[in-house]
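The values are calculated or read from the model by the stated rules, or taken from the named source; none is laboratory data. Model, not experiment: these values are computed from the prediction. Every residue, glycine among them, receives a Cβ derived from its backbone with ideal geometry; neighbour counts consider all protein chains shown. To get the accessible areas, we keep the full protein, side chains included, count just its heavy atoms, and leave off ligands, DNA and RNA. Shrake-Rupley method; radii C 1.70, N 1.55, O 1.52, S 1.80 Å.
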Amino acid sequence: MASSMAWLETLRKSRKTALIQDGRRKLHFILLDGRELVEEYDVKTNDLLVRKWKSKNVLGREVKWEFEIGEQFRRPAAGGEADLLMESSSNPIFTRKDTRQAFQWRIRNLPYPIETYSLSVDQDTRCCIIRTSNKKYYKKFSIPDMDRAGLPLQQSDFSMAHSNNTLIINYKKPAEILALEKQVIAEIQKTKESKEGDMECAPS
Amino acid sequence: MAASTAQKVQEVREVTRIERIGAHSHIRGLGLDDALEARNVSQGMVGQTAARRAAGVILEMIKEGKIAGRAVLIAGQPGTGKTAIAMGMAQALGQDTPFTAIAGSEIFSLEMSKTEALTQAFRRSIGIRIKEETEIIEGEVVEIQIDRPATGTGAKVGKLTLKTTEMETVYDLGTKMIESLTKEKVQAGDIITIDKATGKINKLGRSFTRARDYDAMGPQTKFVQCPEGELQKRKEVVHTVTLHEIDVINSRTQGFLALFSGDTGEIKPEVREQINAKVAEWREEGKADIVPGVLFIDEVHMLDIESFSFLNRALEDDMAPVLIMATNRGITRIRGTSYQSPHGIPLDLLDRLLIISTSTYNEKELKQILNIRCEEEDVEMTDDALTVLTRIGLETSLRYAIQLITAANLVSRKRKGTEVEVDDIRRVYSLFLDESRSTQFLKEYQQDFMFNEVDPAGDNDEEMDT
């Protein structure tokens, strides 16, 4: 319980900027260790839609945004990465999209029937592993929320469903996480946000 | 079928890209044996045995990497191989040791101050070997497919399928990637790694599952296991970056403000201090090693007194690289003062230098150098012609004789000859004047040139001070 409060503390101590745009409350945090965090909540339902991270590497070089929740829709511009190689759009796409009661992952472009997939939890590395019996897809992922709260992963809390070429994995949020999220939402609603359009920029 | 032959032709053209031949492209090293004795003709180097042996000793010092801030001066007449020795040292040091070559006049720029230019050159010559986490893709090539557009021109598109024991992924290839895949001759069954940020491909070997294919393969073909787990991995890679590169990364203005900052190319001293502290910290934690490199300043007499005094101070820093300078001046004025000094370098700096001197080449050495240059420039020459050219080199200068090689080759080709003969040499010798004949000519016909009415009294100085 103490460690789950630690996360709330780091958010409290970070520098926050908030903005409401397109029906989303967008928050930008600069944490004490210099990492940047962006979260986007639905204004009406307070569902978390996007959470992405950006940090600098050892040499101080900026690296790209890393999505924890939500996904990036923009394709990289020609010239940079597009000149090298990109995953083809026909590959499985792994995204996380939470619901109120559960962590949820959606893997699109997976046409194989549900028997193909197997899911296991690796307690040592705190990872969840999806395997396919036809050796077409393999993914190892962790749940950063659970890591931050220091909670153990339970294999029994996972469930899988498959429809429309999409594999959906659910993990029931434990009570601690639900309590923490409620507090975080209460906290962020205290931050004063600027509406779209009211820029603090005096044109000269 | 037609398309496939077109592809062939294209491929051949891509592989045989001609490298341009520079003045020192025949130099491949210092030409020393294990005991640091100079072989007479080796790795493109001829003669100058004493100077090369001295350079070899310096090289050992650099390789050990313990001693910082030593300075070496290579002094000698024009055309005695000073730059060649420096280039040979650069070649012998290999890829991982930073080697920066600048000319003395390069620091005089309107964009930045002299000391800033020198500091940047210094910091370019210090490497930091550090672990950095990068995303790599590691897998076995299942299929590689490259399509040429139907019109024949335009960008190529391609697909690459990679797999591990657990999964398979299709990648869309960009033009750069296609180029490097064809250059590395990657084919199905190879196990490769691709650095995602830089696109660098590394061939690890062939998959064991392909071991029974009836492939023509060399004895050095290595068989490796197909990788396990996910295709994309984070891996720690050790690489060398220079201090200047780290400076540049960290001095960029962040965010949209970068659009408005006038970038003069100068780096703030605070940034440098911060980086130095960071590097010292990494070094203590054992995260990084310092690789002191070499800064080579050619035509060092072009530096002025302020730069020299800056060098004095910079060499005392414990992060300083080994400094190699070259000059062809004797006792001359120090730029920016009215004092005379050997090599145009102030005595206090000279005192810190180890001086290597080069001597003029003898006839035999000249002939060997010309022979090496003929090979490098792909010119066939008869023995007689080479002897004549050597005599020319002896009487005029080595550089002039080298210039004549390609010119003579063109003349011989125009008369449909296969080899350069004495007549061709004679022809170009009469066509192009060397420096002494040109001076002679000027002395005779000075009256007929423009602005002759101006009294040339002050011209004897020959120094061009600005």
Residue in the stretch B:319-343 that is modelled with the lowest pLDDT, counting only those that are more than 11 Å from B:ALA75 (Cα to Cα) and part of a loop (DSSP other than H, G, I, E, B): B:MET319
Please find, within the stretch A:1-27, the residue that is farthest from A:PRO152 (Cα to Cα) out of those that are β-branched (Val, Ile, Thr) and open to solvent by 50 Å² or more (accessible area, probe 1.4 Å). A:THR17
Has the stretch B:84-91 got any residue that is within 30 Å of B:THR49 (Cα to Cα) and free of Cβ contacts under 8 Å to residues at least 24 places away in the same chain? no
A:GLY79 meets each of (1) open to solvent by less than 60 Å² (accessible area, probe 1.4 Å); (2) at pLDDT 80 or above with one exception, condition (2)
Hey, does the stretch B:276-290 have a residue that's within 20 Å of B:LEU59 (Cα to Cα), in contact (Cβ under 8 Å) with a residue 40 or more places away in the chain and surrounded by 17 or more Cβ atoms within 10 Å (Cβ to Cβ)? yes
Taking B:ILE137 and the conditions (1) open to solvent by 30 Å² or more (accessible area, probe 1.4 Å); (2) facing chain A (nearest Cβ under 9 Å), which numbered condition does it fall short on, given that it satisfies the others? (1)
On the basis of being within 18 Å of B:GLN145 (Cα to Cα), within 7 Å of chain A (Cβ to nearest Cβ) and among the hydroxyl-bearing types (Ser, Thr, Tyr), does B:THR182 make the cut? no
State yes or no: is B:GLU306 at pLDDT 90 or above, surrounded by fewer than 19 Cβ atoms within 10 Å (Cβ to Cβ) and either within 23 Å of B:HIS244 (Cβ to Cβ) or not assigned by the TED database to the domain that holds B:MET61 (or both)? yes
List every residue pair whose Cβ atoms lie under 9 Å apart, where the two residues are 6 or more positions apart in sequence or sit on different chains, the first residue falls within the stretch B:174-191 and is touching a residue at least 60 places away in the same chain (Cβ under 8 Å), and the second residue, located anywhere, is not in a loop (DSSP other than H, G, I, E, B). B:GLU179/B:GLU14; B:THR182/B:GLU11; B:THR182/B:GLU14; B:THR182/B:VAL15; B:THR182/B:ILE146; B:LYS183/B:GLU14; B:LYS183/B:VAL15; B:LYS183/B:ILE201
Only residues that are assigned to a loop (DSSP other than H, G, I, E, B), within 18 Å of B:VAL157 (Cβ to Cβ) and open to solvent by 60 Å² or more (accessible area, probe 1.4 Å): list them for the stretch B:170-202, please. none
Quickly run through the stretch B:143-185 and pick out the residues that are at pLDDT 85 or above and among the hydrophobic types (A, V, I, L, M, F, W, C). B:ILE144, B:ILE146, B:LEU160, B:LEU162, B:MET167, B:VAL170, B:LEU173, B:MET177, B:ILE178, B:LEU181
Considering only residues of the stretch B:261-275 that are open to solvent by 60 Å² or more (accessible area, probe 1.4 Å) and under 25 Å from B:ALA71 (Cα atoms), which is modelled with the highest pLDDT? B:GLU273
Only residues that are part of a loop (DSSP other than H, G, I, E, B) and within 12 Å of chain A (Cβ to nearest Cβ): list them for the stretch B:153-163, please. B:ALA155, B:LYS156
Output the residue which, of all residues in the stretch A:28-49 that are more than 19 Å from A:GLU9 (Cα to Cα) and more than 14 Å from the chain's Cα centre (by Cα), is most open to solvent (accessible area, probe 1.4 Å). A:LYS44
Those residues of the stretch B:3-48 which are open to solvent by less than 80 Å² (accessible area, probe 1.4 Å) and modelled with pLDDT under 50, in sequence order: B:ALA3, B:SER4, B:THR5, B:ALA6, B:GLN7, B:GLN10, B:GLU14
